[in-house]
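Read the structure below first, then the notes.
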Amino acid sequence: MTKIRIKRNSEWNNKARSIGIYIDGKKVGTINDGEAQEYEIDNGNHEIFAKIDWCRSPKMVLNINENEIITLILSGFKFGKFILPVILGIMLMYYLIKYALNFDFPFLIWFIAIGFIYPMYYITFGKNRYLILKEENKNVL
C-alpha cells in the first residue's frame, strides 16, 4: 500500500489551528498540533502542500513507488517556535529592569520590534513559505 505520512511538529505559533493537507490540488484532510496523519495514494508523481488560511508551504513533487511510505515533517516558518517565548521574555526583562531597578534600556524595544516584524514577513510577502514541509531524513545503517 502506498502512503504519505505527515508528522506535524508541536509549536507555539499555530497551536490552536489545524492545517489543511492538499495532494494534487485536492484537500485530503487536516492535521492538528503534534499529530501524525497517513494518506493512501496511487503510485507515481504527486504534488503536495500544506495550507493554513492564506499561507501555505511550497509545493513539493513526490515520486512514489509501489508499497512505499514517505514520511514528511510539517512545521512553521524558521525560528517561528522561538519568537513568542523570546519576545515575551525580553518584554518581561525590560519591564522588570525599567520599573524595579529604575534603569532604562531603550535598545531592548528594538528587539521586541524585530520579533514582531519577522513573522509579519511570513504572513504577507512570504505567505507561500509560511509552512515548511520536508521529507524526513532516512538513516540507513
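The values are calculated or read from the model by the stated rules, or taken from the named source; none is laboratory data. Remember, it's a predicted structure, so these values are computed and weren't measured experimentally. Positions of Cβ are backbone-derived with ideal geometry, glycine not excepted, and every protein chain shown enters the neighbour counts.
Quick notes on this structure:
- Condition check for F111: of a type outside the set (A, V, I, L, M), surrounded by fewer than 13 Cβ atoms within 10 Å (Cβ to Cβ) and outside the structural domain of E11 (by TED's automatic domain parsing): no
- Flag if I109 is on the phi < 0 side of the Ramachandran plot and more than 25 Å from the chain's Cα centre (by Cα): yes
- Matching entry among V86, V28 (being without any contact (Cβ under 8 Å) to a residue 40 or more places away in the chain and assigned to a helix (DSSP H, G or I)): V86
- Residues within region 33-57 that are surrounded by 13 or more Cβ atoms within 10 Å (Cβ to Cβ) and either within 25 Å of M120 (Cβ to Cβ) or among the hydroxyl-bearing types (S, T, Y) (or both), tallied: 9
- Among the residues of region 4-53, those that are more than 11 Å from L74 (Cα to Cα) and either in contact with a Pro (Cβ under 9 Å, 6 or more places away or on another chain) or among the β-branched types (V, I, T) (or both) comprise I4, W12, N13, I23, V28, T30, I41, I48, I52.
- Checking region 111-120 against the condition returns no match, with no residue being hydroxyl-bearing (S, T, Y), in a helix (DSSP H, G or I), free of Cβ contacts under 8 Å to residues at least 12 places away in the same chain and farther than 30 Å from N45 by Cβ.
- Residue count, region 71-127 (criterion: under 19 Å from P58 (Cβ atoms) and either aliphatic (A, V, I, L, M) or touching a Leu at 6+ places or on another chain (Cβ under 8 Å) (or both)): 7
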